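The values are calculated or read from the model by the stated rules, or taken from the named source; none is laboratory data. What you see is a predicted model, and the numbers here were worked out from it, not measured in a lab. Note: areas computed on protein heavy atoms with side chains; ligands, DNA, RNA excluded. Shrake-Rupley method; radii C 1.70, N 1.55, O 1.52, S 1.80 Å.
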Amino acid sequence: MRAPGHRSPRVRSCLKRRGEGWHPWGVPIEVRRILVPVDFSDHAPPVIEWATHLAKAHGSRILLLHAYHLPVEFQQLEGAYLPQDFWANVKSEAEQSLGVYRDQIADQGIEVEVLVREGYPATVIEEEVERQDADLVVIGTRGHSGLKHLLLGSIAERVVQKAPCPVLTVKIPD
């Protein structure tokens, strides 16, 4: 058994080379930008709470993202009518709703930005991670399994698979 605080020669040499303080495995963890996809469900507040906690701990900026998407099936319906300002209204309402969360986060002294994008949520999240140079994604998951998961799919699962940065999933019980 090793004594507390004992570091292997490999870790000590890595720390010496980098000239940094001690970090597990010799790798510092910097979380400057946290991307938080928000779907406005009842599950959003706990996800935002986790992101806020992490932002306070790391001095991070929070990027609140809402992706809106009209299913292809609806778009292909003959005679389906969308008013001219439909997409502008969707975007405006999303920005207003995110603004409530933005204000709550900003009141805690955390930098926060609101992003609203049109497109399939998993794809939009992946693109915004790259565009915003996010260091972490904090996303909710309902933890469906079996047939429910097969039918509903999982945005969180796709983000975990494709995101170029770490993803924290916050499990929300049904």
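Fully extending the segment from Ala106 to Arg131, taken as 0.36 nm per residue of separation minus the present Cα-Cα distance, adds 6.8 nm. Sorting Thr52, Thr123, Thr141 on solvent-accessible area from highest to lowest, probe radius 1.4 Å, gives Thr123, Thr141, Thr52. Taking 0.36 nm per residue of sequence separation and subtracting the Cα-Cα distance, how much length would be gained by fully extending the chain between Ser92 and Ala57, in nm to one decimal? Using 0.36 nm per residue and subtracting the Cα-Cα distance, I get 9.4 nm.
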